[in-house]
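Following: one structure in structure tokens, then a few remarks.
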Amino acid sequence: MTGLWIINLTRGILLPGLAVFMLIPLQAQTVIQNVYGRNHLSLNGKWQIIINWYDIKHEAIGKDMKPTGKTDFVEFDFSDAMQLQVPGDWNSQLPELKYYEGTVCYKRVFDYSRKQGNRIFLHFGAVNYQAEAYLNGVLLGSHEGGFTPFQFDITDQLKATNNVLVVIVNNQRHEDAIPALNYGWWNYGGITRDVLLVETPPVYVEDYFIQLEKGTTDQIKGWIKLNGASAPQQVKLEIPEAKIHEELKTNESGYTSFSLKRELFLWSPANPKLYKVKISTPEETVEDEIGFRSVEVKGTDILLNKQSVFLKGINIHEEIPERMGRACSEADAHYLLGLAKELDCNFIRFAHYPVNEYLVRIAEQMGMLVWEEIPLWQRIQFSNPQVAGKAEQMLAEMVARDKNRCNVIIWSVSNETRPGPERNDVTVKLLQKARELDSTRLVSAAISHFKYNKNEITVDDPICQYMDVIGINNYLGWYYPWPSEPGDINWVFEVEKPVIYSEFGAEALYGNHGSADVAHEWNEEYQENVYKANIAMLKNIPALRGVSPWLLMDYRDPTRLHPVFQDGWNRKGVLSDKGDKKKAWYVLRKYYDSIPCYPQR
């Protein structure tokens, strides 16, 4: 149900003869799998907005209240309001909002005629950071988290014409949020991903999981879940090219599972094969494209389809630097991934949050393996149980959306968090939770805590023993001096597992030239030298199975305060904010060219 309130009795506040209640809006509901493969209507486009500078109470705004009498008035009105493009961030669209962190109220009026008896869902790809949605004056609910999808069942509130949708968005940073108060990328606010109306029959395909069973290359295993079922239902699974035409029957709650042995063309970076998949009930057909591949760890090796693979990667932020805004479209995804492909990458580390679905799906089509991560990034309140709960919810939402994308091979639960009892406990539980949610993939986290002893670096973070793959972030030559000659550095690991050198680099302003041994000049030659030195050092890590330098393009970061060389930009990109190749780009491309491509049978 929607539009209700959960009422909790608060303790510690008592008035004579009165009980004091706290009203909490309902949270968003479980998201439908693969909304793009269904009957849907886009609500993208121009939305009216009110900038709520002082974050006054929302309820009246949410209900879009109007004067009802001659002496009535309201202190807001969308009638002649400014407009913003959805999806999109507000910081890049209006000059007065460039640095704004606060509340913006969005309004969209739409018509929609549904088939009698069908259900309608309002789907948001993501809103940063907190969202509260009203339809025709009724509070639908709320959602916290800026990078994962959410939805509301609006069947009961929907009218054929003149539906008024109001969304209250707030992107203020908080110490108990994820990410927290200080983080190293731009805090773009707004409705940053697609908004869709999704229409389904009363009993519909809510979710499904179709992948290869762990450790196999020919055993398709999965399940299908219907929503609204009160008795067993017939479901058909079709993958015509694989000669799969299965008639399945659910239990009374709408769930069915299957295991099918078939000879398949396996997905790989060199052959990103996707199969057309249909899931049908008597009232609905959902279509998807799914690839099949196996990924596993054997000793210190990563095996893709039973063959060793080296991950030639790069880190990417969900940003288009040229327009200083969020990447939010298919065109944006093709642009960023095309730049990575030119670098000869077969692997993308999307940092440090779940990116939009276009990026993941197009990477899959292009043959790019993916590391996905929740924004548990430094300075998190690990001692706060609510924060731990938020992290688990974000992990669940990330896995739920992308579990059928075969190119996603690693779920990462954190980046550069400091070891300690609370952090260790929360992170280990998240790693375990990731395995519970999806046993077919690898789990990891990027660590940055090491012991240095002359030319020896020891990786001693206690959470490493719980990972499948160890991610290492280390900025030798930039934030830390080289303890010895790079080629002489010896890495020591307390556990034997595959290693991905998940971050290294240095900042350089494109076109700024100088000495290769002077860091404070922020020149291309110094960045180039740091890349050469790190590549020389990487040869001393026998368990190294992947590299992803930081990062593809310069990006906006308000914590970068050098007025000459940064001015609000992180300059570690191998490409400038205009897409120009720095000297380090050529070093990295040469290194990747020297590494054999993934072998094919």
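Which value, in Å², gives the accessible area per residue of the chain when a 1.4 Å probe is used on the protein heavy atoms? Could the numbers behind the result be given before it?
Details: 24710 Å² over 601 residues.
About 41 Å² of surface per residue is accessible.
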> How much length, in nm to one decimal, is gained on full extension between Ser594 and Ala516, taken as 0.36 nm per residue of separation minus their Cα-Cα distance?
Replying inline: 25.7 nm
>> For the pair Ala81/Thr30, report the inter-label distance in nm, with labels modelled 7 Å from Cα in the Cβ direction.
In response: 3.3 nm
> Can you give the helix-only mean residue ellipticity at 222 nm for the chain, where every DSSP H stretch with n ≥ 4 adds -39500 (n - 2.57) and the sum goes over all residues, rounded to the nearest 500 deg cm²/dmol?
Replying inline: -4500 deg cm²/dmol
> Taking K and R as +1 and D and E as -1, what net charge do the other residues with C-beta under 10 Å from the C-beta of Asn415 add up to?
Replying inline: -2
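Could you work out what % of the accessible surface of the stretch 146-284 is carbon and sulfur, using a 1.4 angstrom probe and leaving DNA, RNA and ligands out of the count? Don't jump to the answer; show the numbers that get you there.
Details: 2480 of 5340 Å².
Roughly 47 percent of what the probe reaches on the stretch 146-284 is carbon or sulfur.
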> What shape does the stretch 241-314 have by the C-alpha gyration tensor, where a ≥ b ≥ c are the square roots of the eigenvalues, rounded means a/c under 1.5, and otherwise prolate means a/b greater than b/c and oblate the rest?
Replying inline: prolate
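Report relative contact order for the chain in percent, whole number only (criteria: Cα-Cα under 8 Å, sequence separation at least 6). Could the numbers behind the result be given before it?
Working: 1429 pairs, mean separation 65.9, N = 601.
11 percent.
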> Which percentage, to the nearest 5, of the DSSP beta bridges contained in the chain is antiparallel?
Replying inline: 75 percent
>> Compute the helix-to-body angle for 583-593: its Cα long axis versus the longest principal axis of the chain, expressed 0 to 90° and rounded to tens.
In response: 80 degrees
>> Compute the angle between helix 357-366 and the longest alpha-carbon principal axis of the chain, please, reported from 0 to 90 degrees and rounded to the nearest 10.
In response: 50 degrees
>> Between 0 and 90 degrees, rounded to the nearest ten: what's the tilt of helix 421-437 against the longest Cα principal axis of the chain?
In response: 70 degrees
>> Students often get this wrong, so check it: of Lys159/Lys249; Lys454/Lys572; Lys403/Lys532; Lys46/Lys66; Lys298/Lys341, which have C-alpha atoms separated by over 32 Å?
In response: Lys159/Lys249; Lys403/Lys532
> Ala331 label point, 7 Å along Cα→Cβ, cut-off 17 Å on backbone N: hits in the stretch 352-372?
Replying inline: 358-359
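Leaving out ligands, DNA and RNA, and with a 1.4 Å probe, what % of the accessible surface on the stretch 325-453 is carbon or sulfur?
Values: 1920 of 3920 Å².
The computed percentage sits at 49.
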> Leaving out ligands, DNA and RNA, what percent of the accessible area of the stretch 457-601 is carbon and sulfur, probe 1.4 Å?
Replying inline: 51 percent
>> Give me the one-decimal nm value for the distance between modelled label points at Lys214 and Asp176, 7 Å along each residue's Cα-to-Cβ direction.
In response: 3.5 nm
> Where does each of 499-510, 118-129, 158-169 land if you order them by average Cβ count within 10 Å, highest first?
Replying inline: 499-510, 118-129, 158-169
>> Cross-link candidates for Lys312: which aspartates and glutamates have Cα within less than 15 Å, leaving aside residues fewer than 8 places away along the same chain?
In response: Asp301, Glu342, Asp344, Glu503, Asp593
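Using DSSP to call loops (not H, G, I, E or B), can you name the trypsin sites (Lys or Arg not before Pro) in the stretch 408-504 whose Cβ has at most 16 other Cβ atoms within 10 angstrom?
Numbers: sites: Arg423, Lys429, Lys433, Arg435, Arg441, Lys451, Lys454; in loops: Arg441, Lys454.
Qualifying residues, ordered by number: Lys454.
Counting only DSSP beta bridges with both residues in the stretch 455-601, what percent are antiparallel, rounded to the nearest 5?
Values: 3 of 16 bridges.
Of all bridge pairs located within the stretch 455-601, approximately 20 percent are antiparallel.
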> For Glu494 and Lys306 in the same chain, what is the full-extension length gain: residue separation times 0.36 nm, less their Cα-Cα distance, in nm?
Replying inline: 65.1 nm
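The values are calculated or read from the model by the stated rules, or taken from the named source; none is laboratory data. All values derive from a computational prediction rather than experimental measurement. Quick reminder, even Gly has a Cβ in these numbers, built from the backbone with ideal geometry, and neighbours come from all protein chains shown. Heads up: the accessible areas ignore ligands, DNA and RNA and are worked out on the full protein's heavy atoms, side chains in. Shrake-Rupley method; radii C 1.70, N 1.55, O 1.52, S 1.80 Å.
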